[in-house]
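See structure below.
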Amino acid sequence: MARHYPPGFTYQDFAPMFKGEFFDASKWAELFHKSGARYVILTSKHHDGFALYPSHRSFSWNSCEVGLKQDIVGLLSKAVRHVGLKFGVYHSLFEWFNPIYMEDKRNNFSTKYYTETKLWPDLVQLIIDYKPSVLWADGDWEAHDAYWKSTDFLAWLYNESPVKDEIVVNDRWGIGIPCKHGDFYNCADRYNPGKLQLHKWENAFTIDKKSWGFRKTMAFNDTLTMKEILYQVVSTVSCGGNVLINVGPTPYGTIPLIFQERLISLGEWLRLNGEAIYGSSPWLHQNDRNNSNVWYTCTKDVRYPTTKADSEKIILNIFAIFIVWPKENKLSLNDITSYIEKDSYKIELLGNEGVLNWDIKDGVTNVRLPDKAIVLSKYAWVLKFTPE
């Protein structure tokens with residue numbers, strides 16, 4: 001700060017510099033649609049308290065009154081829904097600089113001035129004005145849920161709000177709440193346990209390995225490769241989770257080109273292989289014990305697609321998704337063997353025509369793949385097992 005800004009420059013002085021002059025909600029929505037996303041979460045307010053909508057309780061500290069002077073939440077919610085995606089909002093419960101919150105904190109949270117005069121009105125306004133499908137809470141870790149009045153707010157949200165029949169929330173509502181209560185669990189940033197969870201969950205991770213926001217100093221090697229991104233997607237979905245992929249936009253209102261490239265590449269992969277991702281269920285096994293580069297999903301003809309398939313549920317297809325192309329074009333699998341040897345199965349490589357040859361030897365299924373040079377998928381590949 002001392003090197004780059006004048007003496008006395010404060011955090012609040014950044015707000016007029018936030019011009020967002022090239023922000024185009026339609027272009028953002030088009031990019032997210034091309035990425036294969038099904039829902040979009042916008043940070044409506046982070047820990048600094050600056051709101052990207054005309055908050056009735058953030059005077060001169062919101063995007064409509066200072067800086068770019070636009071209702072970002074409103075513009076993006078319309079654009080995202082226009083392309084057929086669900087829209088949700090992230091909202092930080094606490095605020096670093098808010099004197100009312102700081103007073104409650106000094107009182108060991110025995111008072112709720114901030115909760116009642118700022119947080120609650122902001123949350124209610126967000127729900128009523130924008131009707132999000134997802135409310136993603138954060139910034140809860142300094143106080144218990146009683147201070148945040150979480151149960152009171154959620155009771156209103158589920159019983160009286162205009163989104164009561166659709167809204168889902170995560171698990172960040174106070175000390176001790178994460179990974180215990182919520183429609184879906186985040187548990188921690190970049191949470192990926194690598195095994196099947198008993199409750200619906202979400203892996204929120206960043207393409208920039210070091211930050212959730214935009215960094216001027218971000219180097220090429222600081223970003224996840226497509227192989228690393230697909231590992232997160234595939235391993236998460238195999239274990240019953242969703243992915244929420246973070247991209248930090250610039251102060252000009254644009255998405256950095258390297259993030260755009262990653263999202264578009266992901267969308268291209270999903271157009272070829274999405275059958276193994278969208279609407280899929282965790283299979284009886286997740287990560288193959290013979291080949292750690294292979295993850296399984298399946299489809300079944302029952303409700304609750306994210307619950308683990310059991311022997312009583314009819315499995316329509318099994319998918320084996322592999323991150324590393326095997327040597328000599330032969331993929332060896334263990335966990336699938338006992339299932340396909342009982343019945344007649346055909347095996348296909350998604351994105352390529354034709355049925356593949358395979359055999360079982362010593363309890364291992366060996367699938368003969370086509371030459372990699374003629375395979376359409378670039379970063380990860382999917383075998384589809386279908387009973388005949």
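The values are calculated or read from the model by the stated rules, or taken from the named source; none is laboratory data. Just so it is clear, the structure is predicted and the values come from calculations on it, not from any experiment. With ideal geometry, Cβ positions are generated from the backbone for all residues, glycine too; neighbour counts draw on all protein chains shown. Ligands, DNA and RNA are excluded from the accessible area calculation, which covers all protein heavy atoms including side chains. Shrake-Rupley method; radii C 1.70, N 1.55, O 1.52, S 1.80 Å.
Which of rounded, prolate or oblate describes region 13-75 when judged by the alpha-carbon gyration tensor and an a/c cut-off of 1.5? Since a/c reaches 1.5 and a/b is larger than b/c, the shape of region 13-75 is classed as prolate. Taking the chain as a Gaussian network of alpha-carbon nodes connected by springs under 10 Å, the highest mean-square fluctuation of the residues L157, L93, L198 belongs to L198. Helix content alone sets the calculated 222 nm mean residue ellipticity of the chain: runs of n ≥ 4 DSSP H residues at -39500 (n - 2.57) each, divided across all residues, give -6500 deg cm²/dmol. Qualifying trypsin sites (Lys or Arg not before Pro) in region 213-246, where qualification requires a DSSP coil assignment and no more than 15 other C-beta atoms within 10 Å, comprise R215, K216.
Given the C-alpha centroids of region 282-297 and region 331-388, what is the distance between them in whole angstrom? Between the Cα centre of region 282-297 and that of region 331-388, the gap is 13 Å. Straight-line cross-link reach from K180 at under 16 Å between alpha-carbon atoms covers these lysines, not counting any fewer than eight positions away in the same chain: K200. Judged by the gyration tensor of its Cα atoms, with axes a ≥ b ≥ c, region 1-150 is oblate; a/c meets the 1.5 cut and b/c is at least as large as a/b.
Of the options (1) -0.58, -0.78, -0.97; (2) -0.49, -0.73, -0.98; (3) -0.67, -0.94, -1.11, only one is log10 I(q)/I(0) by the Debye sum over Cα atoms at q = 0.08, 0.10, 0.12 Å⁻¹ as computed from these coordinates, and that is (2).
Any idea what the relative contact order of region 257-388 is, in percent, if you count C-alpha pairs under 8 Å spaced at least 6 apart? Relative contact order for region 257-388 comes out at 25 percent. Using C-alpha pairs under 8 Å with a sequence gap of at least 6, the mean separation divided by the residue count of the chain gives a relative contact order of 12 percent. Take the chain with all the other protein chains still there, run a 1.4 Å probe, and you get 49 Å² of accessible area per residue.
If you take the Cα centroid of region 211-250 and the Cα centroid of region 1-53, the two points sit 18 Å apart.
Cysteine residues of the chain whose C-beta has no other cysteine C-beta under 4.7 angstrom: C64, C239, C298.
Apolar share of the accessible surface for region 13-159: 57 percent from carbon plus sulfur atoms, 1.4 Å probe. What is region 189-254 by shape, rounded, prolate or oblate, if you read a ≥ b ≥ c off the alpha carbon gyration tensor as root eigenvalues and call it rounded for a/c under 1.5, prolate for a/b larger than b/c, and oblate otherwise? Prolate, because a/c is 1.5 or more and a/b exceeds b/c.
Counting only aspartates and glutamates at least 8 places from K372 when in the same chain, those with an alpha carbon closer than 16 Å to its own are E328, E348, E353.
Using a 1.4 Å probe on the protein chains only, how many percent of the accessible area of region 191-278 belongs to carbon and sulfur?
Values: 2240 of 3840 Å².
Whole-percent figure for carbon plus sulfur exposure: 58.
Regarding region 235-388, what is the average projected area of its C-alpha convex hull, in nm²? Its average projected convex-hull area is 10.4 nm². Ignoring lysines fewer than eight residues from K78 along the same chain, the ones with Cα atoms less than 19 angstrom from its Cα are K27, K34, K45, K69, K86, K131.
For region 339-372, trypsin sites (Lys or Arg not before Pro) are listed when DSSP marks them as loop and at most 16 other Cβ atoms sit within 10 Å of their Cβ; the list is K342. Sorted on the mean count of surrounding Cβ atoms within 10 Å across their residues, most packed first, peptides 232-242, 203-213 read 232-242, 203-213. Its alpha carbons considered, region 173-298 gives a radius of gyration followed by a Dmax of 15.7, 48 Å. A simple spin-label model places the labels of K27 and K105 3.7 nm from each other, with each point 7 Å out along Cα-to-Cβ.
Normalised by the number of residues in region 1-120, the average gap of Cα pairs under 8 Å and 6 or more apart makes the relative contact order 26 percent. Restricting region 310-382 to GluC sites (Glu not before Pro) that sit in a DSSP loop and have at most 16 other Cβ atoms within 10 Å of their own Cβ leaves E312, E341, E353.
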